[in-house]
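These notes are about the structure you will find just below.
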Amino acid sequence: MIILANWKAYVETADQAKTLFAAAKRLASRTKTRIVLAPPSPLLGMLAPGNKSSVSFCAQDVSQTLGGAYTGETTAQLCAQMGASYALVGHSERRALGDSQAVVAEKLGHAVAQGLTPVLCVGERERDASGAYLGFIREQLTSALEPLSPKERSAVLVAYEPLWAIGKSAAESITPLDLSEMILYIRKVLAELLPGKSAGRTKVLYGGAVEAENIRGLAGAASVDGFLVGHASVDAKTFSALIRALS
Ligand code: PGA
């Protein structure tokens, strides 16, 4: 299982970042869980260079552009050079700030080109009885993956994060049954987009109100490969409880 800790902008001091990194290293040495940390860029630059531990790093986003006159942007190349091995692309909080499908596709391309494993985030705002949300997920996957070559598509990891669950408590999260259904659907769409058997190898994560209380149940969902964890990943005690609940 992969646990990707998305620190968002919750972590705002170097001390908190160091404490969380130390806790992650301890946990990684005791469990089989693969721990990936996604800190804000300056903290990525502080923690990831020279990292030799089994904890990996993920950029929270990459710029749509390559280097140049783009104030405020951080390129995929720089993230990779700092020591990130993964990059979130298309997180709903970035989409809410203006990342269109075309921008997400471009960012995905930059991440792949720099050897980062992109974590493509998809998810519906709400569910409707007629199942229109499934078409929405299909569209998000298709528009992001289609511009990539078949080989590049195989390098992408998918994170299903329904917006209605993000930031909520475990009680309001998705049920294991609904998660199983959605992952099967995502795999069906991936099978249409990826060559041969490679769709079966694509890792699919779930994110949205994952806490120590529900992680074990959700881990029982059909073919989920791990979790993207936001608020429950930014306190060392809460995060340890979550990893322990999984192992
Ligand atoms: P959450 O966030 O765990 O706080 O719901 C998950 C995410 O947005 O990646």
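Quick rundown of the values:
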| item | result |
| --- | --- |
| Cα-centre dipole for region 89-178 with unit charges at Cβ (Lys and Arg positive, Asp and Glu negative), debye to 20 | 200 debye |
| Computed [θ] at 222 nm, helices only, for the chain once each DSSP H run of length n ≥ 4 contributes -39500 (n - 2.57) | -12500 deg cm²/dmol |
| Shape of region 68-107, Cα gyration tensor, a/c cut at 1.5 | oblate |
| In nm, spacing of pseudo-spin labels at Val103 and Glu192 (7 Å Cα→C-beta vector) | 2.7 nm |
| Residues of region 203-247 with amide N under 20 Å of the 7 Å Cα→Cβ point at Ser29 | 236-245, 247 |
| For the chain, built as a Gaussian network whose Cα springs stay under 10 Å, the top-fluctuating residue of Pro39, Pro162, Pro147 | Pro147 |
| Choice from Thr175, Thr142, Thr71 showing the highest fluctuation, given a GNM over the chain with Cα pairs closer than 10 Å | Thr71 |
| Residue among Asp128, Asp178, Asp235 with the largest mean-square fluctuation in a Gaussian network model of the chain, springs linking Cα atoms under 10 Å | Asp128 |
| Order of Lys237, Lys203 - criterion: other Cβ atoms within 10 Å of each residue's Cβ, fewest first | Lys237, Lys203 |
| Gap separating the Cα centres of region 17-55 and region 141-157, nearest whole Å | 28 Å |
| Signed unit charges on C-beta, dipole axis of the chain, positive-most listed residue Gln101, Gly131, Pro176 | Pro176 |
| Extension gain, Tyr10 back to Tyr70 (0.36 nm per residue minus Cα-Cα distance, nm) | 19.1 nm |
| Total formal charge among the other residues, if their Cβ is under 14 angstrom from that of Arg34, Lys/Arg +1 and Asp/Glu -1 | +3 |
| Residue order, fewest to most surrounding Cβ atoms within 10 angstrom, among Tyr70, Tyr160, Tyr10 | Tyr70, Tyr10, Tyr160 |
| Nitroxide proxy distance, nm - points 7 Å out along Cα→Cβ at Lys203 and Ala129 | 4.0 nm |
| FRET efficiency estimate (nearest 0.05) - Cβ-Cβ, Ser143 to Glu213, R0 30 angstrom | 0.30 |
| Cβ charges +1 (Lys, Arg) and -1 (Asp, Glu), total dipole of the chain, debye | 1020 debye |
| Residue order, fewest to most surrounding Cβ atoms within 10 angstrom, among Leu66, Leu190, Leu228 | Leu66, Leu190, Leu228 |
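Just so you know, all these numbers are worked out from the coordinates, no wet-lab data involved. Please read all numbers here as calculations on a predicted model, not as lab measurements. Don't worry about glycine lacking a Cβ; one is built from the backbone with ideal geometry, like all the others, and counts go over all protein chains shown.
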